[in-house]
1. Quick one: in the stretch 8-28, which of the residues that are under 20 Å from Gly101 (Cα atoms), small (Gly, Ala, Ser) and out of contact with any Gly (no Cβ under 6 Å at 6 or more places or on another chain) is modelled with the lowest pLDDT?
2. Can you tell me which residue within the stretch 155-196, out of those that are without any contact (Cβ under 8 Å) to a residue 24 or more places away in the chain and acidic (Asp, Glu), is surrounded by the fewest Cβ atoms within 10 Å (Cβ to Cβ)?
3. Output the residue which, of all residues in the stretch 51-76 that are surrounded by 11 or more Cβ atoms within 10 Å (Cβ to Cβ) and more than 20 Å from the chain's Cα centre (by Cα), is nearest to Phe19 (Cα to Cα).
4. Which ones in the stretch 90-101 are surrounded by fewer than 24 Cβ atoms within 10 Å (Cβ to Cβ) and farther than 23 Å from Leu17 by Cβ?
5. Hey, which of the helices (runs of 4 or more DSSP H) in the stretch 1-75, taking only ones fully inside, have at least 2 residues that are touching a His at 6+ places or on another chain (Cβ under 8 Å)?
6. Answer yes if at least one residue in the stretch 125-137 is loosely packed, with under 13 Cβ neighbours inside 10 Å, in contact (Cβ under 8 Å) with a residue 60 or more places away in the chain and not acidic (Asp, Glu), and no otherwise.
7. Among the strands (runs of 3 or more DSSP E) lying completely within the stretch 161-235, list those that include at least 2 residues that are closer than 21 Å to Thr83 by Cβ and not small (Gly, Ala, Ser).
8. Go through (1) out of contact with any Phe, Trp or Tyr (no Cβ under 7 Å at 6 or more places or on another chain); (2) of a type in the set (Val, Ile, Thr); (3) in contact (Cβ under 8 Å) with a residue 60 or more places away in the chain; (4) under 23 Å from Leu234 (Cβ atoms) and name the single condition Thr83 misses.
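The values are calculated or read from the model by the stated rules, or taken from the named source; none is laboratory data. Everything quoted here is computed from the prediction, not taken from an experiment. Methodologically, a virtual Cβ is constructed for each residue, glycine included, from the backbone with ideal geometry; neighbour enumeration extends over all protein chains shown.
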Amino acid sequence: MTDPADAAKRLAAARALEFVRPGMRLGLGTGSTAAHFVALLGERVAQGLKVVGVPTSERTREQALSLNIPLSTLDETPELDLTVDGADEFDPMLRLIKGGGAALLREKIVAAASARLVGGTARATQVAPRGRFPLPVEVDLFGLESTRRHVVRISGEAGCSGFVVVRLDAHGHVLVTDGCHAILDCSFGAIPDPEGLARGLNAIPGVVEHGLFIGLAKTIIVADAAGVEVIGDLI
């Protein structure tokens, strides 16, 4: 039986593919929506579309290679035309929470290198106020518990409360990202001041990056059984 949320993400990915033009340098996101986009992009490449992609994770890199999508790196291709990625959550100001796939650091680096970031997702991820999805924070493994406590303190000062836990893998061990970091999942519920929280988290030694994507997304594509809607700028 088809999962309605996954079907909606595929619809959003298909709409995002319409923004791709021959010769583009593309950032390739991570997660279920991005995986649909990469799969659809692979079909277009097989039909002759000429693009080059920069993946945001090893998982995406392996998928793209399996589909013969030409790949580059940000060292070789430091400026990108378009990045298509998913969003775990977004609000009317196009502020995103990302990092459910534990690739938020690379996702944000690639997004910042792109002229446009387009997020594709199922409509259920559109929320207000922000914070239903746990906010991921990528941190250095050194001093993990100390950093976790700093995150709790700084988040409290920003008006947030809730559990801050270390993400574990399927075997019960600390999940390690592609960049060899850990992830803290912060179940805050509502985040009253995302910009203030972002500034506070950025100031903590040991925090590598957080999953608040503020001022990066230009366009969000949301889909459900009723159809597809493009929010923000049209490319």
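1. So, considering only residues that are under 20 Å from Gly101 (Cα atoms), small (Gly, Ala, Ser) and out of contact with any Gly (no Cβ under 6 Å at 6 or more places or on another chain), the one modelled with the lowest pLDDT is Ala8.
2. Here the answer is Asp169.
3. Val51
4. Matches in the stretch 90-101: Asp91, Pro92, Met93, Arg95.
5. Details: elements: 4-17, 32-46, 58-66.
Passing ranges, in order: 4-17.
6. The answer is yes; a qualifying residue exists.
7. Working: elements: 163-166, 182-187, 207-210, 219-224, 227-232.
Hits in the stretch 161-235: 207-210, 219-224, 227-232.
8. (3)
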